[in-house]
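The values are calculated or read from the model by the stated rules, or taken from the named source; none is laboratory data. Source: prediction; values computed, not measured. Because the Cβ atoms are built from the backbone with ideal geometry, glycine has one as well, and the counts that use them run over all protein chains shown.
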Amino acid sequence: MTANASRIIAIALCVFAACASAVAAREQGRPEVSAAPVTAGPTTGPAPHMLRVYPGPVSPATAGRAVAWWNSAGARVRLAITTNKTKADIVILPDRRLPGGVVGRTRVPCWVPCRPFGRETITLSPRTDYPRLLTLVHELGHALGLNHSPRRHRGCSVMRAVGDRCGGELPAAVPTIDRAALLDLWG
């Protein structure tokens, strides 16, 4: 049996779609999901999925705030900052000019909403006329597999596609609509 066939069978036998990331981690020699939570969130039930974030040009304090904010949602996925780019699941690339008025872009290897499997990249604009922390949180939401919130939603959502996201400030708690979308994907 070929290695590829073995991998396909291992993935097919997984009960949860996230097992694919554990298989990939094992193949790449990365440690598998830890049972210990990284920051705030539930500490009972099955072990959370761990995704490592390489902050690149973003300050450790800003990246840490964004990671802790998503971790506070209580989903069975945890983000953790890493200084090792090669072992990161989500890599924040050096700032570069983006087309039009775009200030952030995330590339995921699946069509959101989905459970990405560790090849996500985030690019932020070098412009200074936008809320960088809020934009980073929005892009991390995409890296977690979230789509934009519905246009008809009138409340605060960091996953709003365009326009005013929560008055331009990061809310103290994850808005209900964003938390529900995260829980739908990750439990």
Handout entry: Test set (1) under 25 Å from S59 (Cα atoms); (2) buried (at least 17 other Cβ atoms within 10 Å of the Cβ) - L185 fails condition number
Key = (1)
Fill in the blank from the handout: Only one of G118, G141, G167 is part of a helix (DSSP H, G or I), modelled with pLDDT under 95 and in the same structural domain as P48 (by TED's automatic domain parsing), namely G167
Problem - Condition check for D89: among the charged types (D, E, K, R), touching a residue at least 60 places away in the same chain (Cβ under 8 Å) and out of contact with any Cys (no Cβ under 8 Å at 6 or more places or on another chain) - result: yes
Handout entry: Selection count, region 45-82, where residues are among the small types (G, A, S), free of Cβ contacts under 8 Å to residues at least 40 places away in the same chain and outside any loop (DSSP other than H, G, I, E, B)
Key = 3
Fill in the blank from the handout: Within region 151-162, of all residues that are out of contact with any helix residue (DSSP H, G or I) (no Cβ under 6 Å at 6 or more places or on another chain) and either hydroxyl-bearing (S, T, Y) or within 14 Å of G104 (Cβ to Cβ) (or both), the one surrounded by the fewest Cβ atoms within 10 Å (Cβ to Cβ) is V162
